[in-house]
Amino acid sequence: MTQTTPSVQLTLGFFEDFLTVTGLLRDTGARRTDSRVFVLDQTMSPAQVVALVQLLEFDRRWGSQAFTVQPTPRLPTTPYSTMRTELTAWWGTVGEKPWLT
């Protein structure tokens with residue numbers, strides 16, 4: 001089986017605010033692979049992650065559907081179902097209500 005590096009493909013659709021969308025997209029560190037296709041496949045700095053979150057928020061807020069997001073590998077339907085104990089320990093206070101004690 002071939003090991004694939006995790007990546008995210010962003011395919012641009014319709015958007016009105018060219019400067020904001022392209023500025024945030026550039027700030028994510030996305031690499032252009034086609035006229036409207038960009039890929040995130042390198043380790044991201046905190047500033048690049050912030051730019052990606054701002055881009056997602058901008059798209060959601062304005063409903064512009066500026067891009068589609070396609071992660072690779074795709075998320076399985078129940079990827080964490082076998083990790084209950086580990087995730088509960090990571091969460092730490094699941095089921096506890098310290099504010100009531």
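The values are calculated or read from the model by the stated rules, or taken from the named source; none is laboratory data. Predicted model only: the values in this text are computed from it and were never measured. Cβ coordinates were reconstructed from backbone atoms using ideal geometry, including for glycine residues, and neighbour counts include every protein chain displayed. Just the protein is used for accessible areas: all its heavy atoms, side chains included, with ligands, DNA and RNA removed. Shrake-Rupley method; radii C 1.70, N 1.55, O 1.52, S 1.80 Å.
Using θ = phi - 60° and the Karplus curve 6.51 cos²θ - 1.76 cosθ + 1.60, what whole-Hz ³J(HN,Hα) does each residue of segment 22-39 get, with Gly and Pro shown as x?
5, x, 5, 4, 4, 5, 6, x, 4, 9, 6, 10, 7, 4, 10, 10, 10, 10
Each residue of segment 40-54 in turn: what ³J(HN,Hα) in whole Hz from Karplus with 6.51, -1.76, 1.60 and θ = phi - 60°, glycine and Pro shown as x?
Ordered by residue, 3J(HN,Hα) equals 9, 9, 10, 4, 9, 6, x, 5, 5, 5, 4, 4, 5, 5, 5 Hz.
Hey, got the Cα dimensions of the chain along the principal axes, in Å, largest first?
Principal extents (largest minus smallest coordinate, Cα): 54, 43, 25 Å.
Classify segment 5-62 as rounded, prolate or oblate from the Cα gyration tensor: take a ≥ b ≥ c as the square roots of its eigenvalues, call it rounded if a/c is under 1.5, otherwise prolate when a/b beats b/c and oblate if not.
Because a/c hits 1.5 or more and a/b fails to exceed b/c, segment 5-62 counts as oblate.
Using a simple charge model, +1 on the beta-carbon of Lys and Arg, -1 on the beta-carbon of Asp and Glu, nothing else, what dipole does segment 1-78 show about its Cα centre, in debye to the nearest 20?
Taking the Cα centre of segment 1-78 as origin, the dipole is about 140 debye.
I'd like the carbon and sulfur percentage of the solvent accessible area for the chain, probe radius 1.4 Å, heavy atoms only, ligands and nucleic acids excluded.
It is 58 percent, rounded to a whole number.
What longest region of the chain stays clear of chymotrypsin sites (Phe, Trp or Tyr not before Pro) that DSSP places outside H, G, I, E and B and that have at most 15 other Cβ atoms within 10 Å?
Between exposed loop sites, the widest span is 15-79.
Under 5 Å between amide H atoms, partner at least 5 residues away or on a different chain: which partners does V39 have, H built in plane at 1.01 Å?
L10, R31, R32, T33
Per residue, how much accessible surface does the chain expose to a 1.4 Å probe? Answer in Å², no decimals.
81
Quick check: convex hull over the Cα atoms of segment 36-80, volume per residue in Å³, rounded to an integer?
124
With a sphere of radius 12 Å drawn around the Cβ of T11, what net charge do the other residues whose Cβ falls strictly inside it have (Lys, Arg +1; Asp, Glu -1)?
Neighbourhood net charge equals +1.
Once you mark the trypsin sites (Lys or Arg not before Pro) that are in a DSSP loop and have at most 11 other Cβ atoms within 10 Å, what is the longest gap between them in the chain?
37-73
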